[in-house]
1. Filter the stretch 101-136 down to the residues that are within 16 Å of residue 146 (Cα to Cα) and loosely packed, with under 15 Cβ neighbours inside 10 Å and list them by number.
2. Kindly evaluate residue 25 against the criterion of being out of contact with any Ser or Thr (no Cβ under 9 Å at 6 or more places or on another chain) and of a type in the set (A, V, I, L, M, F, W, C).
3. State all residues of the stretch 56-98 that are under 22 Å from residue 210 (Cβ atoms), among the small types (Gly, Ala, Ser) and out of contact with any Phe, Trp or Tyr (no Cβ under 9 Å at 6 or more places or on another chain); if no residue qualifies, say none.
4. Suppose the filter is buried (at least 16 other Cβ atoms within 10 Å of the Cβ), on the phi < 0 side of the Ramachandran plot, free of Cβ contacts under 8 Å to residues at least 60 places away in the same chain and among the basic types (Lys, Arg); does residue 37 pass it?
5. Out of all the residues in the stretch 216-234, which are over 17 Å from the mean Cα position of the chain (by Cα), farther than 15 Å from residue 17 by Cα and not aliphatic (A, V, I, L, M)?
6. Quickly run through the stretch 139-158 and pick out the residues that are in contact with a helix residue (DSSP H, G or I) (Cβ under 7 Å, 6 or more places away or on another chain) and in a helix (DSSP H, G or I).
7. From the list 89, 64, 82, pick out the single residue that is modelled with pLDDT of 95 or more, over 15 Å from residue 31 (Cα atoms) and within 16 Å of the chain's Cα centre (by Cα).
8. Suppose we filter 13, 29 for residues that are modelled with pLDDT of 95 or more, on the phi > 0 side of the Ramachandran plot and of a type outside the set (Phe, Trp, Tyr); which single one remains?
Amino acid sequence: MNLHGATALVTGGSSGIGFAIAKTLADAGARVAITGRDQDKLARAAATIGAHAIRADVSVEVDVQRTMADVTSTFGHLDILVNNAGIGVFKPLVAQDLESFTRVFATNVTGPMLMGREAARHFVTRRRGNIVNIASTAGTRGAPNGTAYYASKFALRGMTECWRGELRQHNVRVFLINPSEVLTPFFDNIGTPQADNPTKLHAEDIAHAVKAVLEMDDRGFTPELSIFATNPRD
């Protein structure tokens with residue numbers, strides 16, 4: 001697709017991978033909206049890249065419906081949904097509490113489902129569209145302490161495959177992007193800050209991959225793409 005003049009909505013677009021994707025799409029000429037829960041951070045991010053800011057929580061159905069109404073009112077239509085918003089909790093099974101487990105699934109699974117549903121309704125009517133789900137290599141194998149986060153990414157991967165089966169007949173492309181470890185605020189938020197290291201993946205690398213798969217001619221698409229650092233060092 002030609003990104004110039006296209007409309008894109010990026011959830012969790014005020015920092016990290018989401019911000020890098022939004023900026024990359026905007027730099028390519030797309031009209032971009034971003035969502036986030038922190039109004040001040042969202043406003044700063046939107047101003048930096050010239051995006052339209054929508055304060056919303058993807059796990060709240062009325063917020064999702066309001067978001068889609070805002071996007072279509074502002075831009076007239078939507079071409080690209082990037083489901084990027086996500087959170088993480090890492091605990092051993094014996095210490096896993098229900099509240100944090102439920103919260104991870106609400107953001108990482110229910111949120112993309114709600115956003116994907118509203119976008120799909122729009123795309124099916126228009127007979128075209130693109131859904132990009134930002135998952136993780138955590139969704140391809142398990143690991144200790146990953147009960148909540150890893151399982152949520154497995155679920156997102158499964159939903160993505162279901163959506164492809166439903167939406168291809170409507171000319172809607174559904175992509176799954178699996179980043180490995182990326183230097184972002186995500187790890188700060190879960191209490192395990194990373195040391196800056198140029199050998200590790202940066203958010204811009206993931207944004208580049210998203211841009212590349214979207215720019216393929218609409219007659220084809222890349223169902224799933226995993227991205228690893230070549231030779232990462234701690």
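The values are calculated or read from the model by the stated rules, or taken from the named source; none is laboratory data. Quick caveat, the model's predicted, so the values are computed rather than measured. Cβ sites come from the backbone with ideal geometry, for glycine too, and all protein chains shown count toward neighbours.
1. 102
2. Against the criterion (out of contact with any Ser or Thr (no Cβ under 9 Å at 6 or more places or on another chain) and of a type in the set (A, V, I, L, M, F, W, C)), residue 25 qualifies.
3. Residues satisfying the conditions are 56, 85.
4. So residue 37 passes the test.
5. If the condition is that a residue be over 17 Å from the mean Cα position of the chain (by Cα), farther than 15 Å from residue 17 by Cα and not aliphatic (A, V, I, L, M), then 217, 218, 219, 220, 221, 230, 231, 232, 233, 234 are the ones that fit.
6. Step one: of the stretch 139-158, the residues in contact with a helix residue (DSSP H, G or I) (Cβ under 7 Å, 6 or more places away or on another chain) are 139, 142-143, 146-150, 152-157.
Hits for the stretch 139-158 are 139, 147, 148, 149, 150, 152, 153, 154, 155, 156, 157.
7. One residue alone meets the criteria, 64.
8. Values: 13 fails: on the phi > 0 side of the Ramachandran plot.
That would be 29, the only listed residue that is modelled with pLDDT of 95 or more, on the phi > 0 side of the Ramachandran plot and of a type outside the set (Phe, Trp, Tyr).
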